[in-house]
Amino acid sequence: MTAPALQATGLTKTFRGPGGETVTAVDGIDLTIGSGEIVAFLGPNGAGKTTTVDLFLGLTSPTSGTIEVYGGAPHRAVADGRVSAVMQTGGLLPDFTVGETVQAIAALHGRPERVDVVIERAGLGPLAKRLVKACSGGEQQRLKFALALVPDPDLVILDEPTTGMDVGARQEFWDTMRADAADGRTIVFATHYLAEADAFADRTVLMAGGRIMADGPTAEVRAAYGGQTMTLRPPAEVVGPHGIDPAWLARVRAAVAPLGITDVEVSSASLEAAFLALTGDPTTPTTRTTRPEEALR
Ligand SMILES: Nc1ncnc2c1ncn2[C@@H]1O[C@H](COP(=O)(O)OP(=O)(O)OP(=O)(O)O)[C@@H](O)[C@H]1O
């Protein structure tokens, strides 16, 4: 039988906090991810997503429990080129061109024949002669993605790959990813953007406090935890830079209260209800119109 891409059992990681206290970043995760799955790890800041990704990549060791990647130690899978990562920050040389960067990494891997294919796959053809430092944040992330593809890995792990990108760049990045995933690569990504999990992942693992709060097909996670909600789109004139006009919210509250409505959420993100219900996180991403304090109760 073929080993799953990732298998975690009782996976736990603790750190010592600034005051000497124990911080449990990952708290007894059991998880199996099969080949070809596209899985989002979704959760608020501090949920344990980055630590989980680090454990998957062998960048840190579990305090207890086990993690296997293709049936072996994570660092082995990385060394064998079966697993690649696109991390949040760092890693590029600013004075290389995009093309030189890909060539250098391909040479390190002994895979010079991969240069053209990964440049094309990451949509970097028109940028090949541009210096890395002249590339936008989104373009640099696409370059990192290209580098991750050099060994032709079976599994790509991305830790919040679109952090800092504007909406257009984010869209472009995921279009690139989607085209690549169509080839059957296993993709695991951490995000706190609900819309990214919703749009891109077949399966969503919702994390909070180091634990898995929900795990299933993205549509099911949404349906099971999103509950029955009524979503309103406010008129544009009541949405300002600081969110929805509180006076308008008060008028809506007054208008619906006599109808027996106790909970109306103004939202444009369909996983939002699941996220809030399970994590109670007040720093919700995606849009200004989805913050819990703007829900009408
Ligand atoms: N090296 C460390 N030392 C001490 N505490 C840590 C360390 N790394 C992470 N933590 C703590 O572990 C918890 C989980 O952090 P982690 O970075 O894994 O969360 P995250 O879900 O990736 O958050 P974010 O979305 O902000 O990146 C947090 O409380 C964090 O402060």
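Annotations for the structure displayed:
- Subset of segment 17-34 (residues that are surrounded by 15 or more Cβ atoms within 10 Å (Cβ to Cβ) and either assigned to a loop (DSSP other than H, G, I, E, B) or more than 11 Å from the ligand (Cβ to nearest atom) (or both)): Gly28, Ile29, Leu31, Ile33
- Test: Val53 is near the ligand (Cβ under 8 Å from one of its atoms), within 15 Å of Ile187 (Cβ to Cβ) and in the same structural domain as Ala208 (by TED's automatic domain parsing): yes
- Hits in segment 90-147 (condition: in a loop (DSSP other than H, G, I, E, B), charged (D, E, K, R) and within 20 Å of Val78 (Cβ to Cβ)): Arg111
- Contact annotation: residue pairs with Cβ atoms under 9 Å, 6 or more positions apart or on different chains, pairing a residue in segment 80-93 that is assigned by TED's automatic domain parsing to the domain that holds Thr163 and polar (S, T, N, Q) with a partner that is at pLDDT below 90 and surrounded by fewer than 17 Cβ atoms within 10 Å (Cβ to Cβ), are Gln88/Thr163; Gln88/Gly164; Thr89/Thr163.
- For Met1: the one exception among (1) within 12 Å of the ligand (Cβ to nearest atom); (2) at pLDDT below 90: (1)
- Residue ID - farthest from Glu113 (Cα to Cα), chosen from residues in segment 148-160 that are among the acidic types (Asp, Glu) and assigned to a loop (DSSP other than H, G, I, E, B): Glu160
The values are calculated or read from the model by the stated rules, or taken from the named source; none is laboratory data. Computed from a prediction, not measured in an experiment: that's the story for all the values here. We place every Cβ from the backbone using ideal geometry, glycine too, and count neighbours over all the protein chains shown.
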